[in-house]
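Have a look at the structure below, then the notes.
The values are calculated or read from the model by the stated rules, or taken from the named source; none is laboratory data. Predicted model only: the values in this text are computed from it and were never measured. Every residue, glycine as well, gets a Cβ built from its backbone with ideal geometry; the counts of neighbours run over all protein chains shown. Remember, those area values only see protein heavy atoms, side chains included, never the ligands or the DNA or RNA. Shrake-Rupley method; radii C 1.70, N 1.55, O 1.52, S 1.80 Å.
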Amino acid sequence: MRKQSEKFQNKKYMMHKYWGKKPGKELREIVLKYSNEQDLLLDPFAGYGGFSSEAVLANRNIISNDLNPMSNFINARLLSTDVDFDIIDSFMHTIKAETQTIRDYWYSFDKDGTQYEILTTLRRKNGEVVKHKILGEEKRKSKEIVLSPTEVSEFREKENDFVIKDWFPMNELIPNSRISAKKNMTVSDLFDTRSLSSHARLFKVINSFPDCEEKNLLLFAFTSNLANASRLVPPIKSRGDMAQGAWMTGFYIGETYLENNVFHYFENRVAKIVAGKKEYLNQYYDLFQKGNYIISNQDAKNLSIADKHVDLVFTDFPYGDAVPYFEQSIIWNSWLKFNVDYENEIVISDSKIRNKGSIDFNNGISKSISEIHRVLKDDGFFIFTYHSLSGFEWASITNALLQTGFEIIDCKLLEQKTFTPRQLNRKKTIKGDLLIVSKKNTAYKQVREFPDTISEEEFVKKLFVETINNGFYETNEIIVEFLKRFFKERVVIRNLNIISLLQDIAIFDGKGWIIKNENI
């Protein structure tokens, strides 16, 4: 059974492009170690829903909550069990038949009298096409074709003259320079005419089906395909101008981008979702007992759950200013016509119209941790992850945890499925998420004040020196050990940049940290 479970993890977490997926194996270990069968578990910021699925498969009951309606939609698809794959096949045959005309119109390419299908197009920022990757006659090998000036001109006219008659969203993005969302920029601006019209037709056909889980799974695949067939896919230039990069965060459109064939990549997404669902269902129905779940769309600061009702809480806190989830989810929420509660999102946003700064984030985190403490049973475990040690975000979480009355038991690193751009691009930051294990202890509320003889900065530096002098070298191991020492002190700190203070006392040699001479 264990081998099957580990194999199963790979495909389940490939079903959608939502951010912040955690490794299923480690989530399952948390469920098994800190709860019992038929316990009630809660994830107040459920996101993709990985923890919820592991809880159900381990015969625990779970409240999977998120304020983002797109997260709720993903959770429902991930946890659904009433699926008929023959109906999906039938729907896909209908989709192929009813979209073949527009597919041929946009993606059929004639070269020397032979018809090819365009898989990917390299385009400049202004939309001008440069080259195509086409599917060869053998249907197995692709090749790249540089377009002639005449072909470039003909395609430009073809797009300029095309009128999209099917519905598509025109929602305006919330202006935010942090994620390249400009004023008056709409969701439709993220697509070229070809991809927008193809998505619109595909969406229309899917919505013609009767309401059922099979239709929802196709909409699930559709949303996962949106960014992949938009203007947001950058080439990895070091590997070639048509080597696919990945849409990570934000709405940045590079000097060149890769526009993928909407229908071809949609079929790939459906195949991955079907594979993931089959593995999930095989494991689900192989179990004699499994848990139940509730998917809720509540504000984590005000949960409608009774006091001391939950046995275990696990969550992955909002990433502060690293990922403004709701603003970026507009690419999915707008197509599915979901209403989004931006007001109650816990986030630090650079958008000037949102008034979501550090004070609001601190208040939101404090209230949500207070709610977690309220609904959790005495001596119950609260386990959470976060990735940023830049200052305010982790200080807000840590301070609220200590002041509310949680005893911190352990700290370790949790490797994640995908990394934020910050983690990928900075060698001196932690790779992965910090996993903090805490326990509700009603007799453990004392928070120690800093002594007058030392500043907070000097206190943190002292702990770093002690950590490195005890043989810790790499960033990850230093941070984990530092936090273990720090949490034992039970002190509340201000907005300190922990990584910056580490740099004050040590030098990064490319792989790890060495104490500066003046600190020896």
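With N the number of residues in segment 60-154, Rg(Cα) / (2.2 N^0.38 Å) evaluates to 1.65. To put it simply, the accessible area of the chain at a 1.4 Å probe is 47 percent carbon and sulfur.
The 3J(HN,Hα) values that the Karplus relation (6.51, -1.76, 1.60; θ = phi - 60°) gives for segment 204-214 are, in residue order, 4, 5, 4, 6, 6, 7, x, 5, 6, 5, 5 Hz. Gly and Pro appear as x. Against the chain, whose longest principal axis comes from its Cα atoms, helix 262-286 is set at around 50 degrees. The Rg/Rh ratio for segment 213-300 is 1.12, where Rg is the radius of gyration of the alpha carbons and Rh is the Kirkwood radius.
Counting Lys +1, Arg +1, Asp -1, Glu -1, what net charge surrounds Ser64 among other residues with beta carbon under 13 Å of its beta carbon? Around Ser64, the surrounding residues sum to -2. For Leu376, the residues whose amide H sits under 5 Å from its own are Lys308, His309, Val310, ignoring neighbours fewer than 5 places away on the same chain, with H placed 1.01 Å from N. Number of Lys-Lys pairs in segment 122-227 with C-alpha atoms under 23 Å apart and a separation of 8 or more places or on different chains: 16.
Coupling constants for segment 168-180 follow from the phi torsions by the Karplus curve (6.51 cos²θ - 1.76 cosθ + 1.60, θ = phi - 60°), and in residue order they are 8, x, 10, 4, 7, 6, 6, x, 7, 5, 4, 10, 6 Hz; glycine and proline get x.
Checking every one of the trypsin sites (Lys or Arg not before Pro) in segment 105-154 against DSSP loop status and a limit of 15 other Cβ atoms within 10 Å picks out Lys125, Lys139, Arg140, Lys141. Taking a sphere under 12 Å around the Cβ of Arg156 and counting the other residues whose Cβ falls inside, with K and R at +1 and D and E at -1, yields a net charge of -3. Solvent-accessible surface of the chain, averaged per residue with a 1.4 angstrom probe and all protein chains in place: 44 square angstrom. Legend: translational diffusion of segment 8-64 by Stokes-Einstein, Rh = Kirkwood radius over C-alpha pairs, 37 °C, 0.692 mPa s; D = 286 µm²/s. Qualifying GluC sites (Glu not before Pro) in segment 442-520, where qualification requires a DSSP coil assignment and no more than 11 other C-beta atoms within 10 Å, comprise Glu449.
Summing charges over all other residues whose Cβ lies under 10 Å from the Cβ of Asn225, with Lys and Arg as +1 and Asp and Glu as -1, gives +1.
For Asn268 and Thr453, FRET efficiency with R0 = 60 Å and r from the beta-carbon atoms, rounded to 0.05? Rounded to the nearest 0.05, the efficiency is 0.45. Distant-in-sequence amide contacts of Thr186, defined by a placed amide H-H separation under 5 Å and a gap of 5 or more residues or a different chain, comprise Leu173. Under 5 Å between amide hydrogens, built in the peptide plane, is the criterion, and for Leu413 it picks out Leu435 among residues at least 5 positions away or on other chains. Counting 0.36 nm for each residue step from Thr442 to Leu281 and taking away their Cα separation leaves a gain of 53.9 nm.
Taking every Cα-Cα distance in the chain and sorting them into 10 Å bins from zero, the calculated P(r) comes out as 3, 17, 26, 25, 17, 9, 3, 0, 0 percent. Between Ser80 and Asn344, the simple spin-label model (points 7 angstrom out along Cα→Cβ) gives 2.5 nm. Per-residue Karplus couplings for segment 299-310, computed as 6.51 cos²θ - 1.76 cosθ + 1.60 with θ equal to phi - 60°, are listed in order as 6, 4, 7, 8, 7, 8, 10, 5, 4, 6, 10, 9 Hz, Gly and Pro entered as x. If R0 is taken as 22 Å, the Cβ-Cβ distance between Glu98 and Ser148 corresponds to a FRET efficiency of 0.10. Counting lysine pairs in segment 299-411 that sit 8 or more residues apart in sequence, or on different chains, and whose Cα atoms lie under 27 Å apart gives 12. Taking R0 as 56 Å, what's the FRET efficiency between Lys377 and Trp167 from their Cβ-Cβ distance, rounded to 0.05? The calculated FRET efficiency here is 0.70.
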